[in-house]
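The values are calculated or read from the model by the stated rules, or taken from the named source; none is laboratory data. Keep in mind that what you see is a predicted model, and the values were worked out from it rather than measured. As a convention, Cβ positions derive from the backbone with ideal geometry for all residues, glycine included, and neighbour counts pool all protein chains shown.
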Amino acid sequence: MTVPALEVEGLRHSYGGNRLALEDVGFRVMPGAFTCLLGPNGAGKSTLFALATGLLRPTAGRVRIHGHDIAQAPGDALAHLGVVFQQPTLDLDLTVVQNLRYFAALHGIGRREADRRIEAELTRLSLFERRAEKVRALNGGHRRRVEIARALLHRPTLLLLDEPTVGLDIPARRTLIRHVHALCAEDGIAVLWATHLIDEIDPATDHVVVLHRGRVRANGPVAAVNEETGCATVAESFDRLTAARPTAEVEAAA
Amino acid sequence: MTGRQFGGWWIAFQGIVAREVLRFVHQRERFLGALVRPLVWLFVFAAGFRAALGIAIIPPYETYIPYEVYIVPGLIGMIQLFNGMQGSLSMVYDREMGSMRILLTSPLPRAFLLLARLLGGVVVSVLQVAAFLLIVRLYGIDLPIWAPLTVLPALLLNGLMLGALGMVLASTIRQLENFAGVMNFVVFPLFFLSSALYPLYRMEEAGPLLWWLCSLNPFTHGVELIRFALYGRIDWLALAVVTGATLLFAALAVRGYSPARGMGSRAPSAAG
């Protein structure tokens, strides 16, 4: 049996107080799958990311990355993990290459090997000509692409992206979505792409995990989820699953 | 995956230090500010005080010294103090800006990453001190010829202590805006209640309470460590206090960044 690239099990988190940010969240992302973590603002997506990257420790439950528990073997888990956070995390005053070399060093990749991989990733994302520019000089779409190139330098098998298209215009969004789908198809990388924008989902190939108020409301290939909700499109399914109405059945199931 | 043998640690260490140095070099204002501050004290304050303040012969000095000579170690300490606080400011900034997360998602142990980050800051402070000592020498202040070398271990230790203190502050300060308070409640008391500007026996003449505060201040011992090291000597009490304080602050800093407490135990901002 294939080991899931990401396995989340019984995850619960609270920031103190009574309100739970996440409650009994569980799902899997298999190698090569593009999975959209779909949820309205405040659904718990960023909390889930902080837990999956070991920046926070959950109140209960576990996160495994290629079978490595992030709490028990953070080194092995993080070595398989590439992350693009919602907030930009590049040093604006450093050049593209300096930023990437810094990251490569954090993963113990030597200078020569790092430069080779940097060239390959930047070329793939059509950014190689701009390598010597300071990040400050790049536009938002290009900065995002640098962050994706960076997240791939240590050859992760799982890539997490937290609302990576925030602040991008439509062409830049499209390019980005195409790039990341290509990574799944060509390199077999598993992707978890958090978003609240329905149109970023490709209904033919993608999986979805719908998160609402800290709980998983649906989980599976788009077609299966639509069948479950009895809706024709993922947008309708999403509306139904995340409707604010206090339906007894949803709350009871929850 | 490649990164977790010993070679990987060394590569990561170099990368982290290199980033700190690059960032410092790119911020020209910061470099000038770091240099101008102690020079103003040296050229203006010390010149004015020279007449008012006579200094008896106290170790490590073997003769009467002008006030400018006395104040040099204190100003070196000041450079490192400000650098340590600057380091903590940039850590708060990194946390707000998210680049701290990139550091902490490296597969290497968190304590090692934070220590490397700390040493990166110390290297920057040593560069600042080197520039300062060069100007001091050109100005004609008499220091032993080997002073820049003998002072180096003291600079590393004192820099580590102040950098670790800065990290502790960074892990407790929630927002960038609160940072001005640090200046008032940390930097000024540390600096003025120390032996940086006036010898401790002068403080004793002023009152026992002040003397006690100055003697308990770890920054006093950092300055004395530097003062003795400039003359190729070791102040053992200072060495013990600075080492102890460094270990204490470093332990608190690592604790402040443990995953159980989260990134300063805040909920992620904006869309959750």
Please indicate, with yes or no, whether at least one residue in segment A:30-41 is modelled with pLDDT under 95, facing another protein chain (nearest Cβ under 7 Å), assigned to a loop (DSSP other than H, G, I, E, B) and surrounded by fewer than 23 Cβ atoms within 10 Å (Cβ to Cβ).
yes
Can you tell me which of (1) surrounded by fewer than 23 Cβ atoms within 10 Å (Cβ to Cβ); (2) under 17 Å from the mean Cα position of the chain (by Cα); (3) outside the structural domain of A:LEU161 (by TED's automatic domain parsing) is the one A:THR95 doesn't meet?
(2)
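Restricting to segment A:188-201, and then to whatever is part of a loop (DSSP other than H, G, I, E, B) and within 14 Å of chain B (Cβ to nearest Cβ), can you tell me which residue is farthest from A:HIS66 (Cα to Cα)? I'd like the intermediate steps shown before the answer.
First pass over segment A:188-201, keeping only residues part of a loop (DSSP other than H, G, I, E, B): A:188-189, A:196-197, A:201.
Still in the running and within 14 Å of chain B (Cβ to nearest Cβ): A:196-197.
Values: A:HIS196: 26, A:LEU197: 28 Å.
Looking at the filtered set, the residue picked out is A:LEU197.
Out of all the residues in segment B:90-118, which are hydrophobic (A, V, I, L, M, F, W, C) and more than 17 Å from B:GLY8 (Cα to Cα)?
We begin by selecting, within segment B:90-118, every residue hydrophobic (A, V, I, L, M, F, W, C); these are B:91-92, B:97, B:100, B:102-104, B:108, B:111-116, B:118.
Answer for segment B:90-118, where residues must be hydrophobic (A, V, I, L, M, F, W, C) and more than 17 Å from B:GLY8 (Cα to Cα): B:MET91, B:VAL92, B:MET97, B:MET100, B:LEU118.
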Can you find even one residue in segment A:47-58 that is within 30 Å of A:PHE238 (Cβ to Cβ), out of contact with any Lys or Arg (no Cβ under 6 Å at 6 or more places or on another chain) and of a type in the set (Ser, Thr, Tyr)?
yes
Selected residue (criterion: nearest to A:GLN86 (Cα to Cα)) from residues of segment A:175-214 that are surrounded by fewer than 22 Cβ atoms within 10 Å (Cβ to Cβ) and touching a Gly at 6+ places or on another chain (Cβ under 8 Å)
A:HIS196
Tell me, which residue of segment B:24-44 that is at pLDDT below 85 and buried (at least 16 other Cβ atoms within 10 Å of the Cβ) is farthest from the chain's Cα centre (by Cα)?
B:HIS26
How many residues does segment A:87-109 hold that are facing another protein chain (nearest Cβ under 7 Å) and of a type in the set (A, V, I, L, M)?
4
Tally up the residues in segment A:59-83 that are at the interface with another protein chain (Cβ under 10 Å from one of its Cβ atoms), in a loop (DSSP other than H, G, I, E, B), surrounded by 19 or more Cβ atoms within 10 Å (Cβ to Cβ) and in contact with a helix residue (DSSP H, G or I) (Cβ under 9 Å, 6 or more places away or on another chain), please.
1
Here is a list: A:ALA149, A:ALA204, A:ALA185. Which entry is in contact (Cβ under 8 Å) with a residue 60 or more places away in the chain, among the small types (Gly, Ala, Ser) and either more than 30 Å from A:ARG12 (Cβ to Cβ) or not in a helix (DSSP H, G or I) (or both)?
A:ALA185
Check segment A:5-25 and report whether any residue there is within 30 Å of A:ARG131 (Cα to Cα), touching a residue at least 60 places away in the same chain (Cβ under 8 Å) and more than 7 Å from chain B (Cβ to nearest Cβ).
no
In segment B:90-107, which residue that is modelled with pLDDT of 75 or more and small (Gly, Ala, Ser) is nearest to A:ILE70 (Cα to Cα)?
B:SER106
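Among A:ARG178, A:ARG136, A:ARG174, which is the only one that is more than 14 Å from the chain's Cα centre (by Cα), not assigned by TED's automatic domain parsing to the domain that holds A:VAL234 and not aliphatic (A, V, I, L, M)?
Numbers: A:ARG178 fails: not assigned by TED's automatic domain parsing to the domain that holds A:VAL234; A:ARG174 fails: not assigned by TED's automatic domain parsing to the domain that holds A:VAL234.
The conditions single out A:ARG136.
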Which members of segment B:129-166 meet the condition of being farther than 22 Å from B:PHE31 by Cβ and of a type outside the set (A, V, I, L, M)?
B:GLY140, B:ASP142, B:PRO144, B:TRP146, B:THR150, B:PRO153
Can you find a residue in segment A:101-122 that is in contact with an Asp or Glu (Cβ under 8 Å, 6 or more places away or on another chain) and either within 22 Å of A:PHE34 (Cβ to Cβ) or among the hydroxyl-bearing types (Ser, Thr, Tyr) (or both)?
yes
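Quick one: which helices (runs of 4 or more DSSP H) sit completely within segment B:101-182 and have at least 1 residues that are free of Cβ contacts under 8 Å to residues at least 24 places away in the same chain, more than 14 Å from chain A (Cβ to nearest Cβ) and buried (at least 19 other Cβ atoms within 10 Å of the Cβ)? Step through it out loud before you land on a result.
Values: elements: B:110-139, B:147-150, B:152-172, B:179-182.
Because the criterion is at least 1 residues that are free of Cβ contacts under 8 Å to residues at least 24 places away in the same chain, more than 14 Å from chain A (Cβ to nearest Cβ) and buried (at least 19 other Cβ atoms within 10 Å of the Cβ), no helices (runs of 4 or more DSSP H) in segment B:101-182 meet it.
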Among (1) within 14 Å of chain A (Cβ to nearest Cβ); (2) among the aromatic types (Phe, Trp, Tyr); (3) out of contact with any Lys or Arg (no Cβ under 7 Å at 6 or more places or on another chain) - the single one B:TYR61 does not satisfy:
(1)
Residues in segment A:118-131: is at least one assigned to a helix (DSSP H, G or I), free of Cβ contacts under 8 Å to residues at least 60 places away in the same chain and of a type in the set (Gly, Ala, Ser)?
yes
